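Contents: one structure, followed by commentary.
The values are calculated or read from the model by the stated rules, or taken from the named source; none is laboratory data. Because the structure is predicted, anything quoted here is derived from the model rather than measured. No Cβ is skipped: glycine too gets one built from the backbone with ideal geometry, and neighbour counts run over all protein chains shown.
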Amino acid sequence: MFDLLANRLALVHLKDVKRLATSVMDLASTDAGTGMVDWQEVVRLVRRSGSVRHMFVEQEEPFPKTPMDSARVDYGFFTKLFTESEAAREHA
């Protein structure tokens, strides 16, 4: 999808899941970084696109604790993930 949209991809919807699903209704959301998404690959694709300006996270019930706790976990995970990937790029 990233290659298909080239430089027109400005927004990315991020979500982590606990397991593969056979339908959208079967998705089992979880806090970012605790599921099965290959986030290093996502970072690589976002960086390579050069056009992504905004990313947003969606997570549905059931939440491990509270929705606000999940928002904190997601924010911390993505902040660390993209900060570390940027630092690695600068030292490469």
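Among the residues of the stretch 1-24, those identified as in a loop (DSSP other than H, G, I, E, B) and exposed (fewer than 10 other Cβ atoms within 10 Å of the Cβ) are Met1, Leu20, Thr22, Ser23.
Looking at the stretch 52-68, can you tell me whether even one residue there is touching a strand residue (DSSP E or B) at 6+ places or on another chain (Cβ under 7 Å), surrounded by fewer than 16 Cβ atoms within 10 Å (Cβ to Cβ) and among the acidic types (Asp, Glu)? Yes: one or more hits. Annotation: Phe78 fulfils all but one of (1) of a type in the set (A, V, I, L, M, F, W, C); (2) surrounded by fewer than 14 Cβ atoms within 10 Å (Cβ to Cβ); (3) part of a helix (DSSP H, G or I); the unmet one is (2). Of all residues in the stretch 62-88, those that are over 16 Å from Val17 (Cα atoms) have Cβ atoms under 9 Å from Cβ atoms of residues that are at pLDDT 90 or above and loosely packed, with under 12 Cβ neighbours inside 10 Å, 6 or more apart or on another chain, in Leu81/Gln40; Ser85/Gln40.
Just one residue in the set Phe56, Phe77 is over 21 Å from Ala10 (Cβ atoms) and aromatic (Phe, Trp, Tyr); that residue is Phe77.
Name every residue in the stretch 35-47 that is in a loop (DSSP other than H, G, I, E, B) and loosely packed, with under 15 Cβ neighbours inside 10 Å, in order of residue number. Write out each step before concluding.
Our first condition is that a residue be in a loop (DSSP other than H, G, I, E, B); within the stretch 35-47, this holds for 35-38.
Selection gives Met36, Asp38.
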